[in-house]
1. Determine which member of the set 181, 157, 135, 105 is in contact with a helix residue (DSSP H, G or I) (Cβ under 8 Å, 6 or more places away or on another chain) and not in a helix (DSSP H, G or I).
2. Does residue 71 meet the test of being surrounded by 19 or more Cβ atoms within 10 Å (Cβ to Cβ), under 20 Å from residue 12 (Cβ atoms), without any contact (Cβ under 8 Å) to a residue 40 or more places away in the chain and under 20 Å from the mean Cα position of the chain (by Cα)?
3. If you take the residues of the range 77-96 that are without any contact (Cβ under 8 Å) to a residue 60 or more places away in the chain and not in a helix (DSSP H, G or I), which of them is nearest to the chain's Cα centre (by Cα)?
4. Run down 15, 58, 64, 51 and say which single residue is surrounded by fewer than 18 Cβ atoms within 10 Å (Cβ to Cβ) and in contact with a strand residue (DSSP E or B) (Cβ under 7 Å, 6 or more places away or on another chain).
5. What tally of residues in the range 48-68 results from selecting those that are outside any loop (DSSP other than H, G, I, E, B), more than 12 Å from the chain's Cα centre (by Cα) and touching a residue at least 40 places away in the same chain (Cβ under 8 Å)?
């Protein structure tokens, strides 16, 4: 199997994680609705959105390649915190998250021909209490409008504000990359070398 891997995402974080893992890949993404299906368990819903991203890219390709797609959601008390639309929404989300525990769920789909590998990874994140000034500083400086839950754990707010995590740190960044590698190894991908 000498097929190139395609990352069906424009996320700089997912790109960075695959680069850190030294996996050769191309980025090919197309816009799809990232709307979670109603009435579906959240883990399944994240996988479904990821699957739609992967299938949209598969339709664009003329050759058979391995496609990786993912969707990350932030959940607190059964409420999904998506990407904030503006500064006020970002501040409100972070105010809600501070001094609380939430879940970060990433649904991942790997397609290769007719084969589909679907899984979801969940990480529990606990924030320290944050002052309104800290929250406003972060939002104004880092503008986290493309991030579910209005934050990126690898930025200033993660360094200053995260009390603990239970689970895969990189899942919170947007891709449980070690699990992805294990699944790619199941496909006997020669790009990964010997396990």
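Computed from the coordinates by the stated procedures, all read-outs in this text should not be read as laboratory data. This is a predicted model, so every value here is computed, not measured. FYI the Cβ positions are ideal-geometry reconstructions off the backbone, even for glycines, and counts take in every protein chain you see.
1. Answer to the check: 105.
2. Yes; evaluated as a whole, the condition is true for this residue.
3. 80
4. 15 is the lone residue from the list that is surrounded by fewer than 18 Cβ atoms within 10 Å (Cβ to Cβ) and in contact with a strand residue (DSSP E or B) (Cβ under 7 Å, 6 or more places away or on another chain).
5. Residues in the range 48-68 being outside any loop (DSSP other than H, G, I, E, B), more than 12 Å from the chain's Cα centre (by Cα) and touching a residue at least 40 places away in the same chain (Cβ under 8 Å): 10 in total.
Conditions tested, residue by residue: (1) in a loop (DSSP other than H, G, I, E, B); (2) free of Cβ contacts under 8 Å to residues at least 40 places away in the same chain; (3) under 14 Å from residue 111 (Cβ atoms).
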position	(1), (2), (3)
6	no, no, yes
10	yes, yes, no
17	no, no, no
23	yes, no, no
31	yes, yes, no
35	yes, yes, no
46	no, no, no
